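**Q** Below is one structure. I have some questions about it.
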Amino acid sequence: MGDLLTDWLFYIFIEASLLKILIVIGILLMLVMMLTWAERRVSGWIQNRLGPNRVGWMGMLQPFADGIKHFTKEDIIPGHVDRMLYLMAPAIALVPALITFAVIPFGDQITIPFNDTLVTIKFQIADLNIGVLYIVSVASLGVYSMFVGGFGSNNKYSMLGGLRASAQMISYEIPMGLAIVAVILISGSLRLNDIVVDQVGMWNIVRQPLGFLIFLVASFAETNRLPFDLPEAEQELVGGYHTEYSSMKFSTFFIAEYSNMITASALIVTLYLGGWQAPFLERADIPILLEQILQIIAFSLKTLFFLFLFLWVRWTLPRFRYDQLMNLGWKKMLPLGLLNILLTAAFIVYV
């Protein structure tokens, strides 16, 4: 009976990935909370002011205070909205933001003995052969939340914000896809683990510098971060697609935005910075468990760097005009993306 219970628990928590799902979602939500604190602390540092410093040490309990405020705030649903679409939009935003991370590997796989057999544990929720296609397809669903929220709000400012979001995300998904195609040409696989392993000895940021820049800029546009936050520009749209939202529904949009930032940063690391690899680990003779821990730390530090870059750029660059946004996407990044694919294919064939 004891062996049966042990086998059942092992299957549920390891092979069925339930434990990994709970851990990853928990870390994502905790990191979202800390990003709301880091956003204000970094902005205070850049603007030579303090930022939140009253609740907890250096204001680190401020996210919990904000969460309590949003949970207890009156939930107002305006009478003029399309109620079904209005309520659907925050959920449509949050679900893709949380499930996109499922295929990103944050460590190498290990094999351990269990009940006279060898069991492989992967530091990844789902190891899909089409992991890149999964990320591109699921991430593109986020645009529906903004358009549905803007349309369902029955508000001219919200509607304009939803239309801007749709045009912007479609425009920048194309250069992002072209940058990913160049990485796939080099690695020869849609599986993210294969792409990471292919970068042993030389990361893709060296082999694909132009593709890296295209993907980085497109990531800012896809997450609606400055200087690409036209869908929620307060100067001309009050608040954009979420103008009519309050309480936790308003907060859900920003949880989704920060979750998308985390996923975008992790994807940049996976595609261009060797994922969980670190140069000193390739030559080190260390125990396997310590190596796995160091790989996860290396992946986390790279991801945190790009999250800091998201915050840094927000408080450094001014917002684009909408015509500048469209010109950059269609007249600059699209031709550069096609050129990058052409150069990559020529390199593979002739060199």
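**Q** Given the rule -39500 (n - 2.57) for each run of at least 4 DSSP H residues, summed and divided by the residues of the chain, what is its mean residue ellipticity at 222 nm, to the nearest 500 deg cm²/dmol? List each step's numbers first, then the result.
**A** Numbers: 16 runs with 227 residues, N = 351.
Roughly -21000 deg cm²/dmol at 222 nm, from the helical runs in the chain.
**Q** Return, for the Cα atoms of segment 225-342, the radius of gyration and Dmax in Å, separated by a comma.
**A** 19.1, 58
**Q** Follow-up. Once you keep just the Cα pairs under 8 angstrom separated by 6 or more residues, what percentage relative contact order results for the chain? Walk me through the numbers on the way to the answer.
**A** Details: 485 pairs, mean separation 74.8, N = 351.
Normalised by residue count, the contact order of the chain is 21 percent.
**Q** Net charge near Pro227: determine it from the other residues with C-beta under 11 Å of the C-beta of Pro227, scoring Lys and Arg +1 and Asp and Glu -1.
**A** Once positives and negatives cancel, what remains is +3.
**Q** Same structure again: Starting from the alpha-carbon convex hull of the chain, give the projected area averaged over all orientations, in nm². Walk me through the numbers on the way to the answer.
**A** Details: hull surface 87.2 nm².
It is 21.8 nm².
**Q** Of Phe147, Pro52, Ile288, whose Cα points farthest to the positive end of the dipole of the chain (charges on the beta-carbon: +1 Lys, Arg; -1 Asp, Glu; origin at the Cα centre)?
**A** Of the candidates, Pro52 comes out farthest on the positive side.
**Q** Let me ask something else about it. Anyone know which of Val200, Val181, Val148 comes out most mobile in the 10 Å Cα GNM of the chain?
**A** Among Val200, Val181, Val148, the largest GNM mean-square fluctuation belongs to Val200.
**Q** Okay, next question. Mean Kyte-Doolittle of at least -0.5 and a Cα length of 30 Å or more along the axis: which whole DSSP H helices of the chain meet both? Don't skip to the end; give the middle numbers.
**A** Values: long enough: 18-46 (41 Å, 1.68); 156-187 (46 Å, 1.09); 247-272 (38 Å, 0.93); 288-314 (40 Å, 1.74).
Long hydrophobic helices here: 18-46, 156-187, 247-272, 288-314.
**Q** Less than 12 Å Cβ to Cβ from Val136, Lys/Arg counted +1 and Asp/Glu -1: what total charge do the surrounding residues give?
**A** -2
**Q** Right, another one. Tally Lys and Arg at +1 and Asp and Glu at -1 over the other residues with C-beta under 15 Å from the C-beta of Val95: what net charge comes out? Spell out each step's value before the answer.
**A** Numbers: positive: Lys249; negative: Glu257.
Charge balance near Val95 sits at 0.
**Q** Which of Leu163, Pro279, Ile174 sits farthest toward the positive end of the charge dipole of the chain, with +1 on the Cβ of Lys and Arg and -1 on the Cβ of Asp and Glu?
**A** With unit charges placed on the Cβ atoms, the residue in question is Leu163.
**Q** Sticking with this structure for a sec: Given Cβ point charges of +1 (Lys, Arg) and -1 (Asp, Glu) and nothing else, what value in debye, to the nearest 20, does the dipole of the chain about its Cα centre take?
**A** On the way: 22 positive and 25 negative charges, 239 e Å.
The dipole of the chain has a size of about 1140 debye.
**Q** How large, in Å, is segment 280-331 by the Kirkwood hydrodynamic radius built from its alpha-carbon pairs?
**A** About 14.4 Å for segment 280-331.
**Q** Quick one: Cα centre-to-centre distance for segment 157-212 and segment 278-329, in angstrom?
**A** Between the Cα centres of segment 157-212 and segment 278-329 lies a distance of 14 Å.
Values quoted throughout were computed directly from the atomic coordinates according to the rules given, and no laboratory measurement underlies them. Values in this document were obtained by computation on a predicted structure and should not be read as measured data. Counting neighbours? That spans all protein chains shown, and the Cβs are built from the backbone with ideal geometry, glycine included.
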